[in-house]
1. State all residues of the stretch 36-54 that are of a type in the set (Asp, Glu) and either open to solvent by less than 60 Å² (accessible area, probe 1.4 Å) or on the phi > 0 side of the Ramachandran plot (or both); if no residue qualifies, say none.
2. Yes or no: the stretch 8-16 includes at least one residue that is in a helix (DSSP H, G or I), free of Cβ contacts under 8 Å to residues at least 60 places away in the same chain and of a type in the set (Lys, Arg).
3. Test each condition in (1) closer than 19 Å to His112 by Cβ; (2) modelled with pLDDT under 95 for Lys1 and report the one that comes out false.
4. Would you mention how many residues in the stretch 55-75 are exposed (fewer than 13 other Cβ atoms within 10 Å of the Cβ) and at negative phi?
5. Regarding Arg16, is this residue open to solvent by 50 Å² or more (accessible area, probe 1.4 Å), among the basic types (Lys, Arg) and touching a Ser or Thr at 6+ places or on another chain (Cβ under 9 Å)?
6. Looking only at the stretch 91-128, which residues are over 26 Å from Arg44 (Cβ atoms) and among the polar types (S, T, N, Q)?
7. Exactly one condition in (1) free of Cβ contacts under 8 Å to residues at least 12 places away in the same chain; (2) touching a helix residue (DSSP H, G or I) at 6+ places or on another chain (Cβ under 8 Å) is not met by Lys98; state its number.
8. Can you spot a residue in the stretch 78-93 that is open to solvent by 60 Å² or more (accessible area, probe 1.4 Å), of a type in the set (Phe, Trp, Tyr) and within 18 Å of Leu11 (Cβ to Cβ)?
Amino acid sequence: KALHVDAAIGLDEDLRRKIAPSVYLSMDASISAKEKKKRIPIMRKVLAEKDIPFYMAHFEKLLEGKEFLTGSKPTVADAQFCVTTRYLSGGVLDGVPKDCLDAFPNVLAFKHRMENLPELKEYFDRKK
């Protein structure tokens, strides 16, 4: 089971590595606002149209017939992926639509299950 947890974490980290460059570029003080305005939308378009669907398709398959990434109980991999799904669908990345997960029903169901675990629900409710 530990191998499956590690694999799921690795997949999520691979996705995060695709997200990171456009986020870091937006914070880079050495790059002009004009250059950022030109480059970030291109990066986010690739992210929204290619990278997110590619990785979500893997997670969709990984979740087939399971409540959580590695079975019937959540692990650290589920907690990490939950954060990623909330970030991607939270509308914080310009150019990445809030509905970017809608084509992946297993991922959406997973996100909903995680958000409704009593301990997480209480935390998320406090942040509203």
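The values are calculated or read from the model by the stated rules, or taken from the named source; none is laboratory data. Note that the coordinates shown come from a computational prediction; the quantities given were computed from them, not determined experimentally. Because the Cβ atoms are built from the backbone with ideal geometry, glycine has one as well, and the counts that use them run over all protein chains shown. Just the protein is used for accessible areas: all its heavy atoms, side chains included, with ligands, DNA and RNA removed. Shrake-Rupley method; radii C 1.70, N 1.55, O 1.52, S 1.80 Å.
1. If we filter the stretch 36-54 for residues that are of a type in the set (Asp, Glu), which is where we start, we get 49, 51.
If the condition is that a residue be of a type in the set (Asp, Glu) and either open to solvent by less than 60 Å² (accessible area, probe 1.4 Å) or on the phi > 0 side of the Ramachandran plot (or both), then Asp51 is the only one that fits.
2. No, the stretch 8-16 contains no residue that is in a helix (DSSP H, G or I), free of Cβ contacts under 8 Å to residues at least 60 places away in the same chain and of a type in the set (Lys, Arg).
3. Failed condition: (1).
4. Initially, the stretch 55-75 is screened for residues exposed (fewer than 13 other Cβ atoms within 10 Å of the Cβ), giving 61, 64-66, 72-73.
Next, only the ones that are at negative phi stay: 61, 64, 66, 72-73.
Going through the stretch 55-75 one residue at a time, the tally reaches 5.
5. Working: open to solvent by 50 Å² or more (accessible area, probe 1.4 Å): yes; among the basic types (Lys, Arg): yes; touching a Ser or Thr at 6+ places or on another chain (Cβ under 9 Å): yes.
So Arg16 fits the description; yes.
6. Within the stretch 91-128, just Asn116 meets the criteria.
7. The one condition Lys98 does not meet is (2).
8. As a first pass, look at the stretch 78-93 and keep what is open to solvent by 60 Å² or more (accessible area, probe 1.4 Å): 83, 86-87, 92.
Remaining after also requiring of a type in the set (Phe, Trp, Tyr): 87.
Adding the requirement that they be within 18 Å of Leu11 (Cβ to Cβ) leaves 87.
Looking through the stretch 78-93, at least one residue is open to solvent by 60 Å² or more (accessible area, probe 1.4 Å), of a type in the set (Phe, Trp, Tyr) and within 18 Å of Leu11 (Cβ to Cβ).
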